[in-house]
Amino acid sequence: MRMTVFGTGYLGATHAACMAELGHDVLGVDVDEAKIKSLTEGKVPFFEPGLPELLQRNLDSGRLGFTTDYEEAAQFANVHFIGVGTPQKKGSYAADTTYVRAVVESLAPLIEGEHLVLGKSTVPVGTAAQLQALADENTNDGASIEVAWNPEFLREGHAVKDTLRPDRIVLGLHEGGNAEALAREVYADALQQDTPFLVVDLPTAELVKVSANAFLATKISFINAVSEVCETVGADVTALADAIGLDERIGRKFLGAGLGFGGGCLPKDIRAFMARAGELGADQAMSFLREVDAINMRRREKMVELARQELGGSLLGRNVTVLGAAFKPNSDDVRDSPALNVAGSLSLSGAAVTVFDPEAMANAQRLFPTLNYAESIEEALRGAEIVLVATEWKEFQELDPEWARTLVAGEPVHGKPIVIDGRNCLNTEAWKSAGWEFRALGRG
């Protein structure tokens, strides 16, 4: 098939490359000329394992191209995906759908014949109906656009697999819509693998992704709320999570107590969900998400306070190393990153903070230019009075505590060097045996 993908950020670029990998002819469209130039040259402007190879292979095959020209896109195909951003509005919890609306407003007057627009962006419920009205108002005589919704379920660090081999495909249609046949053709490869294909109404499709994210955020904040109790009474939240996770109704996934969630999706989506529920008069239904958000933010404050306590009550002038800047491993995304938020808070409290992350250094420097950034773990550890593990990169988990001890400043308070495990990802006994004062969130 021939198709376009509007928006070439994380979602759009991944979707475009993966659709080409499945054999479709794909044109990625964006108003950002620098981004289009970079992708055309085979350079992915963010870190995602496996995507650079996929991009280059499909550029070379001729199945994938990029443009800033909407008229070219309108002539190229009659199936169009929308993968632009829906950021949080300034001064509000609500999602900003400006970029989604701009795609339809710009595309509609240029098309001829019948076209299908498949929205993938995470939008407030009711957006698809608004876009359908917008499309109807702006198309010329003899032309039409059907708007359907096909939410994405990408996990950063696993986005290629999640697109090529999704665990489910959801398609939202308006009554009497004809998008299903085309969507089944788009996803023929996945459907041959018996991927569940759910056809629902438009509001249901719009609610699926944000509901999934709200549930995951709630599960994370639940274990972190329990973590607060564990810290008070001296219990071990990791052992507790193992125990309750064996109940198949609960499961162990997303019960990792620690610094909590961040990134460009979960925080934004739960806030937008609350805002939209309020607009619809159902604000009480989602009011619990305020506490989910609050619990999540408190974990960051706890990490800073724990560092202050371990350093004798003051951070002023102390050398602190933070391992991690990305909001999660296998990503360079620092949007609403707990790790970087903690580093910034430590710095504001007077500490000399050094940060190291395998992939997110450039993005972190743009966001927090006043922090110190090391070029290696060794450089980051050298002279540190306390070490905070804030992103669970594999190389941090596998760090040799004996070697690390030879680099740090020594024994500021306890007669031992201090490490705080903000992700409960280190081998506790190995670090203690190597002579470290070991602390972790939720573990007494």
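Structure values in brief
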quantity: Every residue from region 45-56 that is acidic (D, E) and either closer than 14 Å to Y10 by Cβ or not in a helix (DSSP H, G or I) (or both); calculated: E48
quantity: Selection count, region 191-206, where residues are touching a residue at least 40 places away in the same chain (Cβ under 8 Å) and of a type outside the set (D, E, K, R); calculated: 3
quantity: Test result for D242, over 27 Å from R2 (Cα atoms) and either of a type in the set (D, E) or modelled with pLDDT under 95 (or both); calculated: yes
quantity: Pick from region 1-51, criterion surrounded by fewer than 16 Cβ atoms within 10 Å (Cβ to Cβ) and among the basic types (K, R), ranking: nearest to L107 (Cα to Cα); calculated: R2
quantity: Of all residues in region 52-98 being hydroxyl-bearing (S, T, Y) and open to solvent by 70 Å² or more (accessible area, probe 1.4 Å), the one that is nearest to L131 (Cα to Cα); calculated: T98
quantity: So E180, is it open to solvent by 20 Å² or more (accessible area, probe 1.4 Å), out of contact with any Cys (no Cβ under 7 Å at 6 or more places or on another chain), touching a residue at least 12 places away in the same chain (Cβ under 8 Å) and farther than 20 Å from A73 by Cβ; calculated: yes
quantity: Test: residue in region 411-420 that is β-branched (V, I, T), touching a Gly at 6+ places or on another chain (Cβ under 6 Å), open to solvent by 40 Å² or more (accessible area, probe 1.4 Å) and within 22 Å of Q309 (Cα to Cα); calculated: yes
quantity: Unmet requirement for L191, which otherwise passes all of (1) open to solvent by less than 30 Å² (accessible area, probe 1.4 Å); (2) in contact with a Lys or Arg (Cβ under 8 Å, 6 or more places away or on another chain); calculated: (1)
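The values are calculated or read from the model by the stated rules, or taken from the named source; none is laboratory data. What you see is a predicted model, and the numbers here were worked out from it, not measured in a lab. Glycine gets a Cβ as well: all are built from the backbone with ideal geometry, and neighbour counts include every protein chain shown. In case anyone asks, the SASA skips ligands and DNA or RNA and just uses the protein heavy atoms, side chains included. Shrake-Rupley method; radii C 1.70, N 1.55, O 1.52, S 1.80 Å.
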